[in-house]
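What follows is calculated from the coordinates using simple rules that are stated; it is not laboratory data. It should be emphasised that the depicted structure is a prediction, and the values quoted were computed from it without experimental measurement. Cβ: placed from backbone, ideal geometry, glycine included. Neighbour counts: every protein chain shown.
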């Protein structure tokens, strides 16, 4: 052990000259850990490790060649840092308590959501032009109460594994939904038949390696069509503490955070899946929650325990959607005109910019 | 309204039936339509200048009427019903020298109208499902049209019975299968009789009526989605094309190579036009944005959110757009500096603009915020 240590120190000295230039980070990291104890001199008892203090000032743990020793030293360094952090936290807390009411307000943590880049398409509810545009779009028939949603759910050809179960469970969530086998039919040939039978939605679940990974949601009779990526599908069986199977009642729908113009279109697309008047007797809620452009779907049942408390039970399934494209008109991936397409590396270059 | 309309340098027709004017140098956008009279029947399909001085705009609406918009007064002055909604909406609208009008519907009827009167002077058929009809800027009597399963045809309005030129279908492919036609947009090349078209099968073709060859003299491909719009750069050496997913590129017409892509669009392109004198190209489409790119450095210079899906776009040639660095015009501008303060303001932006795209976007956003605070009539 001793031998190796000597060689390390000599090595590190030799390296120091040529390393100083290129690995400034290492040196800084080492120094900062050394500077902090100086600032807070009262915690002398933490400097129990005599080896740590005997190293030259620009020493970094990663230069130790013996793996066991390096690990040991690294753990010690970590512990030391942790201790310091905890003490700093305690000190701050004490200060706050001492100040009482005069304490400065707690800082709001910075998240990429509250640092969001302003989107100029954010819909102003009083905007007449957008109101007109939405009032006369393809969903206006549903929102004016002229049509009742009727949904056809199908899959990619020859579904296997979880996909079919997922479809069946979706059909219990959405009222008036019918699951059909695809039987190798082309979507473009299905669509006219659906229109003739008064379906208002065509929903296609695509799968890859027996796992559902895509969802095409096509509003009928004249579009639009949205294409989503599906991930993290948890079927009813896999959810812990779930309630009994959902009832036939039509659920309430909650749409969260669909703020931009595109988000509004997507929100309306989801809203039009469910009948307009929810049956509150069923106490069921379907939630589409948008956060950082990911749409989380949850299905719950609630119960009022008393006047103040309410309990919820998840019924499942749960999954996450991410919008890939929104196409004008019914499904036509080759000749259709796209209203919005996710362009990776171009649109998500800024992590604080959201599309929905 | 009048002073607003005189400011605007870009005109756009939207799917909600609103005519929009954008002044890029003042960073303002105006709607020239009252909100309570909106209807989807008035969706603007084509826009054109009614005269070379660009004092009046012609709007072709979906319900088959043509409206005239006066830039001086800022109001609609005239409305004529020149089509039938049964025949499909307008696929082309051009003014003729001497006050006449040339219209083309999607069903393929090209009609010449006198300045007044309800009956067309001449009528000819350009086949079925015409996607675009345009008139040659050089020879006023030459008209080209094309559409789905309807190859390019060039007509002479003096004798409308037979087309001057009919494109022949492409050769069968290597499997001996027929290759379908689908002209989506076309333009006349300056200083020659050539016509460039873009197709729904992602090709760009150049046809030359002067040669006996009726197949395209040049064939280029871009991407694998239908091309929807096309615009020639001012000197005619290249063409800007856009497709249904908002991919836009400059194609060189000498060899048909891609000269560069124009980025930043998120939805399909509907309208595309290059500025007559400056190296700028404006695009609009289903993503509800007007975007102005520089042709030389291909950076995004302006981005304006206009709230409705946009169908067509028209640039005015006299106004400066504020951006782009044409050195040739700089000298001219110094002389007229005293008279036109606006122009000089627009030029000053050049210093800020050529920075990175992100910064320009943010600038526009801040500008828009300011505007909202002001509560302008956007």
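Thinking of region B:118-248 as a set of Cα atoms, what percent of all their pairs are more than 20 Å apart? Looking at region B:118-248, the distances longer than 20 Å represent 44 percent of pairs. Exposure proxy shown here: for B:284, B:274, the number of other Cβ atoms within 10 Å sets the order, fewest to most, as B:274, B:284.
For the residues of A:130-140, the average number of beta carbons from a partner chain within 10 Å of their own beta carbon is 3. Where in region B:95-121 does the label zone of residue B:81 land, with the point 7 angstrom along Cα→C-beta and an amide N cut-off under 13 Å? Output list for this probe position: B:118-119. Placing dummy labels 7 Å off each Cα toward the beta-carbon, the span from residue B:164 to residue B:36 is 5.1 nm. Each of A:261, A:82, A:241 was scored by other Cβ atoms within 10 Å of its Cβ. Listed from fewest to most, they are A:241, A:82, A:261. Directionally averaged projected area (region B:1-102, Cα convex hull): 6.4 nm². Taking 0.36 nm per residue of separation and subtracting the Cα-Cα distance, full extension of the segment from residue A:146 to residue A:305 would add 53.5 nm. Length available on full extension from residue A:213 to residue A:197: 0.36 nm per residue minus the Cα-Cα distance, which gives 3.0 nm.
Shape class for region A:128-341: oblate, because the ratio a/c of the largest to smallest gyration tensor axis (alpha-carbon atoms, square roots of eigenvalues) is 1.5 or more and b/c is at least a/b.
Under the shape rule built on the C-alpha gyration tensor, where the axes satisfy a ≥ b ≥ c, region A:111-187 is oblate, since a/c reaches at least 1.5 while a/b does not exceed b/c. Which part of region B:88-126 falls in the paramagnetic zone of residue B:63, meaning amide N under 15 Å from the point 7 Å along Cα-to-beta-carbon? Those under the cut-off are B:89-90. A straight chain from residue A:345 to residue A:165 at 0.36 nm per residue would run longer than the Cα-Cα distance by 61.3 nm.
Set the Förster radius R0 to 45 Å, insert the Cβ-Cβ distance between residue B:118 and residue A:122 as r into 1/(1 + (r/R0)^6), and round the FRET efficiency to 0.05. Once the sixth-power term is evaluated, E becomes 0.45. Note on residue B:297 and residue A:254: with the Förster distance fixed at 51 Å, the Cβ-Cβ geometry gives a FRET efficiency of about 0.65.
Take B:216-223, B:260-267, A:94-101 and order them by the average number of nearby Cβ atoms within 10 Å per residue, most first; the result is B:260-267, B:216-223, A:94-101. Computed over every Cα-Cα pair of region A:176-276 and binned at 10 Å starting from 0, the pair-distance distribution P(r) comes out as 12, 36, 39, 12, 0 percent.
If R0 is taken as 35 Å, the Cβ-Cβ distance between residue A:222 and residue A:180 corresponds to a FRET efficiency of 0.95.
Legend: mean number of C-beta atoms from other chains within 10 angstrom of residue C-beta atoms, peptide A:112-125, equals 2.
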